[in-house]
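Beneath this line is the structure, given in structure tokens, with notes to follow.
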Amino acid sequence: MTNDFLVFDHVTKRFGAMTAVNDVSLTVKKGEFFSLLGPSGCGKTTLLRMLGGFERPDSGRIYLEGKDITDLPPNQRRVHTVFQNYALFPTMTIWDNIAFSLKLAKKDPEEIEERVDEILEMIQLSDQAWKYPNQLSGGQKQRVAIARALVDRPLVLLLDEPLAALDLKLRQHMLIELDTIHDQVGITFLYVTHDQGEAMSLSDRIAVINKGTIEQLDGPAKIYEAPANRFVASFIGDTNFFSGEIVSIEGDYCFIQCENFPQIQAFNDKNLKVGQKVDLSVRPEKMRVTPTPPLPEKGAGINVYPSKVNDIVYQGVYTRYWVTSSGCKIHTLRPHSRFLLDQEPITWNDDVFLWWHPDDGYMVEVKED
Amino acid sequence: MKKDNLNPLKSKKAEWVVTLPGFVWLALFFAIPAVIVLAFTFHGHTANGGVGDWSMSTWRELVDPDYPAIVWNTLRISFWVTLWSIVLALPCAYAIARMNSKWKNIVAGSIMLPFWTSFVVRVFAWKTMLHPDGWLQSCYITWLTVKNWMLAWIGLASHAPIDVASSTILDSEAAVVLVSVYSFIPFAIMPIYTAAEKFDFSLLEAARDLGASNFYAFRKIFIPGVKQGLISAILMVFIPAIGSYVIPQMLGGTDCVLIGNKIFMRAIQMRNIPHASALATLMAVSVLVPIGCAMWWKRRQNARDRKRLEAQTARLLVSRH
């Protein structure tokens, strides 16, 4: 039963001619931190609003704890939303904002007091209780919005891009705080974001959504390392694509002949046959760029290509390089795990070697002939 | 020090220059006339309609047994006009603010449309519409008949025939309230609409999300959210309602005489300017005193609220340690 805690069953929603959500089915487990990740306009917010009760699906049903909630108005669903702009009531104090849902539920005053005080302490804003929302900072408002939605213990907490309005430092801080709150309350979180970093660092599972359909539903590592298709690979993080055809197979490895690039060796985990067309994705951090060629390793050979450096962007932790090899522009990076000045220097227009292990490429899309 | 000079409004001289036209305007057309009106009340009047010597005779004349009733009538009718205007304007302003921008402009514009026709003409049109032979009157009689019949049927009243002659809308208080609401409602809709334009409607969604019904969200979130607009709307309707004399003159008959009519009668027909001034002053005082009391009460309430909230915070901080 816990596996069927929250179910979207073939849900479709159209706005005029535009299909915002197209036949989406997904299941969220109880207590899970689940993210809907996708570019803006992909339908993730519409999914959230249908669960909140602000939109009604054109077809399909939504079940919560086994009950069909598709046609219930928002105030009869035990789900609460943290809105992107916080939507705190400006005419009420922080305390009254948080107590809002408890007062509506006609809880007795002592219990309301106890629970509001408790959650104020959890978000560390007890000393701000008498202030009004416009007297708080962005991060504080965010915490109040979360507290207000959590205080009467909903079954699911919906978060609609909650960190989008915060600056970078605060966002990183709130990420950790959100994670802590999720662990403390044990409520199911449904998190909508277009920021892959947020989704990856918080989620138990992520649904990558594009044009109203789910492209992939998996854990963060799976989504990054084994993307289901070209869209997922390019939307989550940076990557280099090589399109080509398998020309030969040796044991676990295959050789790919690209249209405008030399042969590439790759791990054939999908048991593909000679003649099939593939897209190979190689992440920048999986590639090396060195002034000298690598030592040959045992077993499978390494993909090595002489290249020329086009662009260098130093970013402290690592340096990004854009190199040209056989006319292809390739994006790679070199981490500085040792003191930078000890490393062999690479500068613009240097002739370098670009190389990666065949296991580090991932074949993302198999185009059927 | 230098920084202050960068802002031209920061220097005292510039402040004066900027605010002077407003001051002059208010002084010329509000403060000085008000003082003159007040001064007139301490004069007698001359036979040819002029203002006489300093005297308390005007105030002594004011002890007319009719006046308290007329002041009370004026306040009561203004109250009902304001109440109905606000009750009707609130949902109207809400609906306009939620329309898409194209319809918003069309509807907001058409609310102002009646102002293209002369006010007196419009009131006169009502006089025709409410005529005892008109269809509005016959609708009213039908309604009274049905109501009587229903009351008799459930046993609350005995079945009595309607006295058609005495049940006219025209020349009654109802006609004055009806047409006043019609005339003043744009002044109620506009400030509320302006406030509603700035209102963040996602707050209503947030309230719904947290368990509120639509009506509860409207009452507890929307109405406090447009409070400033509501206050201006009340003033915009109440103040002209207090001073109105065209509507009661044309539609109120002999039953509904308001202070505006009395002032008009004293000033124009009886040519007793001091007496009219005294009536105007009386009316102003009877409006300003309750408003002053309300403001004092509100301020006290705010101070109490603040104290309560501070106590609440103190309690929270104590419970933490």
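When the dipole is taken about the Cα centre of the protein assembly as shown, and only Lys, Arg (+1) and Asp, Glu (-1) are charged at their Cβ, what size is it in debye, to the nearest 20? Intermediate values should be presented prior to the final figure.
On the way: 69 positive and 68 negative charges, 534 e Å.
Here the size comes out at about 2560 debye.
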### Placed amide H near A:Thr70: partners under 5 Å, 5+ positions off or other chain
A:Ile62
### Task
Could you pull the accessible area for B:Met112 with a 1.4 Å probe, rounded to 10 Å²?
80 Å²
### Task
Round to the nearest 0.05 the FRET efficiency obtained for A:Lys30 and A:Asp183 when R0 = 22 Å and r is the Cβ-Cβ distance.
0.90
### Query
Any idea how far the Cα center of the stretch A:310-369 sits from the one of the stretch A:126-188, in Å?
39 Å
### Task
Taking a cut-off of 16 Å between Cα atoms, list the lysines near B:Lys298, but don't count ones fewer than 8 places away on the same chain.
B:Lys227, B:Lys307
### Query
What nm distance separates the two modelled labels at A:Gln76 and B:Ile291, each placed 7 Å from Cα along Cα→Cβ?
4.7 nm
### Query
Quick one: accessible area per residue over chain B, 1.4 Å probe, rounded to a whole number of Å²?
62 Å²
### Query
In the Gaussian network model of chain A, springs joining C-alpha atoms below 10 Å, which of A:Arg205, A:Arg338, A:Arg115 carries the largest mean-square fluctuation?
A:Arg338
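With runs of 4+ DSSP H residues as the only contributors, calculate the mean residue ellipticity of the protein assembly as shown at 222 nm using -39,500 (n - 2.57) per run, divided by the residue total and rounded to the nearest 500.
Numbers: 23 runs with 307 residues, N = 690.
That comes out to -14000 deg cm²/dmol.
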### Query
Summing Lys, Arg as +1 and Asp, Glu as -1, what charge do residues with Cβ under 14 Å from the Cβ of B:Pro191 carry, B:Pro191 excluded?
+1
### At least 18 Å along the helix axis (C-alpha) and Kyte average at least -0.5, DSSP helices within chain B
B:12-26, B:67-98, B:135-153, B:173-198, B:227-243, B:273-320
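Per residue of A:113-122, what is the mean number of Cβ atoms on other protein chains within 10 angstrom of that residue's Cβ? Let's see the in-between values first.
Details: counts 4, 1, 0, 2, 5, 1, 0, 3, 3, 0.
Taking all residues of A:113-122 together, the mean is 2.
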### Message
Between A:Val247 and A:His336, how high is the FRET efficiency from 1/(1 + (r/R0)^6) when r is the Cβ-Cβ distance and R₀ = 41 Å? Nearest 0.05.
### Response
0.65
### Cα-based Lys proximity count in the stretch A:238-367, under 26 Å, for pairs eight or more positions apart or on separate chains
15
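How large is the convex hull of the Cα atoms of the protein assembly as shown per residue, expressed in Å³ as a whole number?
Values: hull volume 215.6 nm³, N = 690.
In the protein assembly as shown, the Cα convex hull volume per residue is 312 Å³.
If DNA, RNA and ligands are ignored and the probe is 1.4 Å, what is the ranking of A:Tyr314, A:Tyr224 by accessible area, most exposed first? Please report the intermediate quantities before stating the final value.
On the way: A:Tyr314 135, A:Tyr224 45 Å².
Highest to lowest solvent-accessible surface, that is A:Tyr314, A:Tyr224.
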### Query
Heavy-atom accessible area per residue, the stretch A:238-367, 1.4 Å probe: how many Å²?
53 Å²
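What does the net charge come to around A:Pro291 if you take all other residues with beta carbon closer than 10 Å to its beta carbon, with K and R at +1 and D and E at -1?
Working: positive: none; negative: A:Glu344, A:Asp350, A:Asp351.
Here the charged neighbours net out to -3.
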### Summary
The percentage of the accessible area of the stretch A:2-234 (probe 1.4 Å, all protein chains present) made up of carbon and sulfur atoms, to the nearest whole number, is 47 percent
### Query
When the label point is put 7 Å from the Cα of B:Asp305 along its Cα-to-beta-carbon vector, which residues of the stretch A:123-165 have a backbone N closer than 15 Å?
A:130-135
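Under 12 Å from the Cβ of A:Ile206, count the other residues' Cβ atoms, weight Lys and Arg +1, Asp and Glu -1, and hand me the total. Before the final figure, lay out the partial values.
Values: positive: A:Lys44, A:Arg205, A:Lys222; negative: A:Glu32, A:Asp195, A:Glu198, A:Asp204, A:Glu215, A:Asp218.
Here the count lands on -3.
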#### Entry: Inter-centroid distance (Cα atoms) of the stretch B:9-81 relative to the stretch A:41-97, Å
57 Å
### Listed residues B:Met265, B:Val226, B:Ala212: farthest to the positive end of the dipole of the stretch B:207-321 (Cβ charges)
B:Ala212
### Query
So which residues in the stretch B:198-215 end up with at least 30 square angstrom less accessible surface once the other protein chains are there, compared with the chain by itself, probe 1.4 angstrom?
B:Ser202, B:Leu203, B:Glu205, B:Ala206, B:Arg208, B:Asp209, B:Leu210, B:Gly211
### Separation in nanometres of the label points that stand 7 Å from Cα toward Cβ, at A:Asn349 and B:Asn48
10.7 nm
### Karplus-derived 3J(HN,Hα), 6.51/-1.76/1.60, for each residue of the stretch B:248-255, Hz, glycine and proline x
x, 4, 8, 10, x, x, 8, 6
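The values are calculated or read from the model by the stated rules, or taken from the named source; none is laboratory data. Every value quoted in this text rests on a predicted model; they were computed, and no experiment measured them. A quick note on method: Cβ atoms are made from the backbone with ideal geometry, for glycine too, and the neighbour counts reach across all protein chains shown. To get the accessible areas, we keep the full protein, side chains included, count just its heavy atoms, and leave off ligands, DNA and RNA. Shrake-Rupley method; radii C 1.70, N 1.55, O 1.52, S 1.80 Å.
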